[in-house]
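Since the structure comes first, as structure tokens, the remarks are kept for the end.
The values are calculated or read from the model by the stated rules, or taken from the named source; none is laboratory data. In this text the structure is predicted, and so the values were computed from the model without any measurement. Note that we place each Cβ from the backbone using ideal geometry, even for glycine, and neighbour counts take in every protein chain shown. Note: areas computed on protein heavy atoms with side chains; ligands, DNA, RNA excluded. Shrake-Rupley method; radii C 1.70, N 1.55, O 1.52, S 1.80 Å.
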Amino acid sequence: MSGIRPTDDNRTRGPERPFRVGEDELERALRETFARRVDRPGPLRADPAGDVLRRARRSGRRRALTGLALAGLATVLVTTGMAQLGEPGGRGGTPTVVLGDPHGSSASPLPTASARVYRAGPVRAELDLLVGDLLDTSGGERRDLTGVGRVERAQRIHDREGWLLTSAATAAGRTLWWVSAAGGAPQVMLAAADAVAVSPDGRQVAWRDGSDLVAAGVVAGQLIAPSRVTAPTGVVPVGFTGDDVLVSQPDRGGMSVWRRALGGVPGTVNPDVRGVYGNRPDGLVVGLVATGPSRQPCLALLDPARDLTPARTGCGPRLSADGLGAVSPDGRWLLANGAAGTAVLVDLAGTPTAHPAGPLLAGTPAWTRTGAALHADAAGGLVRVTPDRVLAGERPTPSTLDGVSPGQRPVVVADTPVVPDGA
């Protein structure tokens, strides 16, 4: 065939009559055609025209769904490809990043999560709580996360997209799970990581992978745009300040800032920094530093733009060296473990002042947006700390939670800041 159409082909010029016929006109014409084929008058007990139209509509819907399924499959393939964070040439060994069972025994996901109404116990938490493999949300739902191991930290993701759960340290390393707010089975994002740090808004993750530090963004359960740098033995990520990663070297002491967006290595180590508790809205990091000849631990506001140089130091509060604690969203308060066997609430305005605040923290506390802090004590009780009541002399006491077995402690899920980091 030459591929040249004859001049009288109606595809080369306008049709002799218009083809723009509405759907209602087509349906009416079809019904009239079937009606004329009926020999006797009266209503039809069957509707052959309607059957034809319904079959056509079903066929159209099937074609549309097939197109959507193919588009979704293509999206999954693309995002899965982006999540392969190993270097093209490979470094040997087992990669940390996985998208299935961390033990490699099965490619199937964890059992499907379910949503049930949460029956409140003596305490109705203002934040989400994780007790064993049950996630009780502050909104009153319960998610069954069967198959998720022992969790040490839990973080809400920005825009209520779900949760990131970090396991306790094991001989095989740590595991990071992503749980979608839309339901479905928890997904393993990382396995066998030496250390894992999650940003306060849940949109970034950093971890130690063999000889490297790696950081990546989190989008819909996928790790994207990874940055990787070789780091000395023992150096691990411990947190974020904005888009930068806070890096610690526990064996030798000291911390530094990895400005991964600049493509460089971690900055100069400040050997005096012993730990960090969190960020303030002004960009300063609340941390613990060793000062003077006696290396006394003191509270400090650290400037990440100047290699964690203290902007202000206060040695009044006596704090534990375990590093457990969290800063309130407004940057005014620090709830941490004190050195005298109780938790302390520290006022960071002016000269830091500590106030006894009930039982010791058994895990990282979390602050609500209304200015209260929740944490679990060693016996598995839930403690609520409110600054105004503590200042009035009240000692917070633990409350019992339903479903907590002996030796088990709830994990309080950290909420996202009102304005996400990096926004």
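Scoring 302-310, 193-201, 222-230, 361-369 by mean Cβ neighbours within 10 Å over their residues and listing the highest first yields 193-201, 361-369, 302-310, 222-230.
Compactness of the stretch 141-251 was expressed as the Cα radius of gyration divided by 2.2 N^0.38 Å, which yields 1.03. If you take all other residues with their beta carbon under 12 Å from the beta carbon of Arg259, and give Lys and Arg +1 and Asp and Glu -1, the sum is -2. Protein heavy-atom accessible surface, 1.4 Å probe, per residue over the stretch 330-423: 44 Å².
Fully extending the segment from Arg369 to Arg318 would add 15.7 nm, taking 0.36 nm per residue of separation and subtracting the current Cα-Cα distance. Working from label points 7 Å from Cα in the Cα-to-Cβ sense, the Gln408 to Thr268 distance is 5.1 nm.
Rounded to the nearest 20, the size of the Cβ-charge dipole of the stretch 235-373 about its Cα centre is 80 debye, with Lys and Arg at +1 and Asp and Glu at -1. Taking only protein heavy atoms and a 1.4 Å probe, the accessible area of the stretch 289-371 is 55% carbon and sulfur. Within the shell of other residues whose beta carbon sits under 15 angstrom from the beta carbon of Ser328, the net charge comes to -1, with Lys and Arg scored +1 and Asp and Glu -1. Computed over the alpha-carbon pairs of the stretch 186-282, the distance histogram in 5 Å steps reads 3, 13, 25, 27, 19, 9, 3, 1 percent, short to long. The length gained on full extension between Ser294 and Arg395, counted as 0.36 nm times the residue separation minus their Cα-Cα distance, comes to 33.1 nm.
Which of the three applies to the stretch 319-423, rounded, prolate or oblate, going by the alpha-carbon gyration tensor with a ≥ b ≥ c and a/c under 1.5 meaning rounded? Kindly include the intermediate steps, with their values, before the conclusion.
Working: a/c = 1.69, a/b = 1.20, b/c = 1.41.
Oblate shape, in that a/c is at least 1.5 and b/c is the bigger or equal ratio.
Within the stretch 217-239, list the residues whose amide N lies under 19 Å from a label point set 7 Å along Cα→Cβ of Glu152. Taking a point 7 Å out along Cα→Cβ of Glu152, the residues of the stretch 217-239 whose backbone N falls under 19 Å are 233-239.
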